[in-house]
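The values are calculated or read from the model by the stated rules, or taken from the named source; none is laboratory data. Here the structure is a predicted model, which means the values were calculated and not measured. Cβ placement follows ideal geometry from the backbone for every residue including glycine, while neighbour counts extend to all protein chains displayed. Surface areas here come from the heavy atoms of the whole protein model, side chains and all, with no ligands, DNA or RNA. Shrake-Rupley method; radii C 1.70, N 1.55, O 1.52, S 1.80 Å.
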Amino acid sequence: MQKHLLSFGISAVIVLSAVHLMAADVPTQKKIMLASTIGPIDAGIVGALEEAFTKKTGIMVEHTGAGTGQALKLAETGKYDLVLVHAKALEEKFIADGFGTKRYDLMYNDFVVLGPASDPAKIKGMKDAAAALKAIAQGHVPFVTRGDKSGTHVKELEVWKKAGIEPTGAWYQVFAEGAKGNAPTLSFTNEKQSYTIMDRATYITMKSKITLQILVERDDILLNYITLIPVNPAKSPQVHHAEAMQFVEWLQGREAQTIIRDFGKDKYGEPLFFPNSPEGKKL
């Protein structure tokens, strides 16, 4: 009996050792954690780029969506390797505070001022976004804001500042679920038939489901630059900086910038974003 137990014990040790060695031989798949503004996720471009990069390199990318302000706060914890954001002042502070290394241009689109077809503020066709917002405020016409320190909200506040107005009052409605992103905010604004500032990609992907119209566009202040910032390994040594930089370099290269240039054309008849890296500007 003892001999049988001894044989069983030796066999078990051999099996466990073999399993351990096999496990040691299987490389752990590398993974990058990305904190990204929500709009490009909802538009589908983030997923498309991640999938192409993983297919090419074998490195997984997992993203968390949040408004730019919140995405940067997530990255400050050191649990993320890279951020994808669109609010220059917040980005520069993130770097100045030592949390990020450098801003890398990725892509851009623009914001538009949307409103009901009836256009009670009479802003349709105006070329000055700040003047349009001033007309909305003077008429106390309903306007919806995300109000969440996201890149969209920061851009909206920039236009209000240019207009010389600090919006307050019952006409200026903060969407309670603004932190969920531009798509829910636009749906709510459409229900209320109010005005808002929204990125064009969100409008394009939702225009078949809403009645709001683009009333003001093509003002330079409405340009929406989307950038990448690697988290600083000097501040957060645990981050996967080498892999994050590999992703950044690929995103700035011709293959990824071509994906950005063409994304959305087949489905919507127009692009949702424009390439903006040094290589992308050549396309």
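Numbers below:
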| quantity | calculated |
| --- | --- |
| Cα point-scatterer Debye curve for the stretch 103-249, base-10 log of I(q)/I(0) at q = 0.14, 0.15 Å⁻¹ | -0.68, -0.75 |
| Percent carbon-and-sulfur accessible area, the chain, ignoring ligands, DNA and RNA, probe 1.4 Å | 56 percent |
| Solvent-accessible area of F175 with every protein chain in place, 1.4 Å probe, in Å² to the nearest 10 | 20 Å² |
| All lysines inside 24 Å of K192 as judged from Cα atoms, apart from same-chain residues fewer than 8 positions distant | K122, K124, K134, K149, K155, K180, K207, K209 |
| Net length gained if the chain between K73 and R218 were fully extended (0.36 nm per residue, minus Cα distance) | 49.1 nm |
| Projected area averaged over orientations for the stretch 56-179, convex hull of C-alpha atoms, nm² | 10.3 nm² |
| D128-T64 FRET efficiency (beta carbon distance; Förster radius 41 Å; 0.05 resolution) | 0.65 |
| Accessible-area order (highest first, 1.4 angstrom probe) of the listed residues H140, H240 | H140, H240 |
| Estimated D of the chain in µm² per second, where Rh is the Kirkwood radius over Cα pairs and Stokes-Einstein applies at 37 °C, 0.692 mPa s | 158 µm²/s |
| Cα convex hull of the stretch 233-279 - mean projected area over all directions, nm² | 4.3 nm² |
| Kirkwood-based shape ratio for the stretch 39-97, expressed as Rg/Rh from alpha carbons | 1.00 |
| Packing-based order for 129-139, 114-124, using average beta carbon neighbours within 10 Å, highest first | 129-139, 114-124 |
| Residue (of Y108, T77, I123) at the positive-pole extreme of the stretch 59-132, dipole from beta-carbon charges | I123 |
| The chain: antiparallel DSSP beta bridges as a percent of all, rounded to 5 | 60 percent |
